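The values are calculated or read from the model by the stated rules, or taken from the named source; none is laboratory data. Everything numeric in this text was worked out from a predicted model, so none of it was measured. So basically every Cβ, Gly included, is an ideal-geometry build from the backbone, and we count neighbours across all protein chains shown.
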Amino acid sequence: MSEPRILEGLGSIAEQYDGFILDQWGVLHNGRAPYPGVVEALEAMRAAGKRICLLTNSGRRARMNRDRLLEMGFPPESYDGLITSGEAAWMGLRDRKDPRLAEFGKRALLITRDNDLEVIEGLGLHLTSDPAQADFVYLSGVDSPPMTLEDYEPLLREAASLSLPMICSNPDRIAVSADGLLIAPGTIAARYEELGGRVYYFGKPNRPIYEACLTVLEGINPKRILCVGDSLEHDIAGAVGMGMDSCFVMQGIHAEHFPEDLPADRLALRVRELAERYETMPRYAIHRTNW
């Protein structure tokens, strides 16, 4: 694996691409506010005629994500479309075309964040908090903080003992927030698998969610699309799997590997060493998302 090219800004390679797929958390914002220079970077992309699809492994529906982005200062005109793994899971449960969902009934044990019930709106599901009364577990979010993995353990053990299948609409294991790194639904799902449970994931790095992005960027050759993300396991691996170029944002979930005093001539080597652990390699790397 060759070392990635370190960028000062995305504008330096913008001529090579007509479209951008941008992750949200850790790339555009920390959950509360945009990172410095990000809003201006999106404005510059739009001014240069680039098309933009925002992609996130958020278990929430797309509408809620758009509203939250607007509150943080990202107007709808700053991007062409927004795809969430939560929306993909909702569509899967609505349409039931995915053969993986053939065994799923209508009684769901929902694990969600902030009591978000929009994830089941219009699906005709019957919610229960008793695993013995459920057909499957629907994991869309976790209340972290204050909840920890240990807090969910008894429920996971009981559900696994009943062989309940699980849908996880956010494969991320760690989330970047203004309070630091927090556990994400993928951590809960991984523990469920350790207990013998079966988990069906929606979101990055799986191909279907990228195909949804291509509908937003319809008409653009995938070779002319750059994927920008901070997760090697999901953002970069997903892009590589689709045959698209990728740019790794260092100051996201892997920020601890890139201290501010790390010499510039060590950056590419550090990215390569880290990427080799995940067996995937970005074409570019950048400290933070900027133009």
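For the stretch 136-149, the tally of residues that are among the acidic types (Asp, Glu) and modelled with pLDDT of 95 or more stands at 0. Of the residues making up the stretch 223-244, just one is farther than 17 Å from Glu211 by Cβ and surrounded by fewer than 22 Cβ atoms within 10 Å (Cβ to Cβ), namely Glu233.
Per-residue answers, yes or no, for (1) without any contact (Cβ under 8 Å) to a residue 40 or more places away in the chain; (2) out of contact with any Lys or Arg (no Cβ under 9 Å at 6 or more places or on another chain):
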| position | (1), (2) |
| --- | --- |
| Ser163 | yes, no |
| Pro171 | no, no |
| Ala178 | no, no |
| Leu181 | no, yes |
| Ala190 | yes, no |
| Glu194 | yes, yes |
| Tyr200 | no, no |
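Selection of the stretch 258-278 for residues being surrounded by 12 or more Cβ atoms within 10 Å (Cβ to Cβ) and in contact with a helix residue (DSSP H, G or I) (Cβ under 9 Å, 6 or more places away or on another chain) yields Phe258, Leu262, Arg270, Val271, Glu273, Leu274, Ala275, Tyr278. Among the residues examined, Ile167 does not qualify as crowded, with 20+ Cβ neighbours inside 10 Å, of a type in the set (A, V, I, L, M, F, W, C) and either in the same structural domain as Met242 (by TED's automatic domain parsing) or in a helix (DSSP H, G or I) (or both). Considering (1) closer than 25 Å to Trp291 by Cβ; (2) at pLDDT 95 or above, the lone condition that Asn30 does not fulfil carries the number (2). Taking the stated definitions as given, is Arg207 of a type outside the set (Gly, Ala, Ser) and closer than 25 Å to Gly86 by Cβ? Considered against the rule, which asks whether it is of a type outside the set (Gly, Ala, Ser) and closer than 25 Å to Gly86 by Cβ, Arg207 comes out as yes. Look at the stretch 120-143: where a residue is assigned by TED's automatic domain parsing to the domain that holds Phe104 and a partner is surrounded by fewer than 23 Cβ atoms within 10 Å (Cβ to Cβ) and acidic (Asp, Glu), sitting 6+ places away or on another chain with Cβ atoms under 6 Å, you get Pro131/Glu158.
Exactly one residue out of Asp114, Asp80 is under 19 Å from the mean Cα position of the chain (by Cα), surrounded by fewer than 21 Cβ atoms within 10 Å (Cβ to Cβ) and within 28 Å of Val216 (Cα to Cα), and it is Asp80.
Could you check, for the stretch 203-222, whether at least one of its residues is assigned to a strand (DSSP E or B) and in contact (Cβ under 8 Å) with a residue 12 or more places away in the chain? Full working, then the answer.
In the first step, residues of the stretch 203-222 are kept if they are assigned to a strand (DSSP E or B); the result is none.
No: zero hits.
Among the candidates Arg46, Arg94, Arg100, Arg32, the residue that is surrounded by fewer than 17 Cβ atoms within 10 Å (Cβ to Cβ), touching a residue at least 40 places away in the same chain (Cβ under 8 Å) and part of a helix (DSSP H, G or I) is uniquely Arg100.
Among the numbered conditions (1) out of contact with any strand residue (DSSP E or B) (no Cβ under 9 Å at 6 or more places or on another chain); (2) in a helix (DSSP H, G or I), the only one that Asn115 does not meet is (2).
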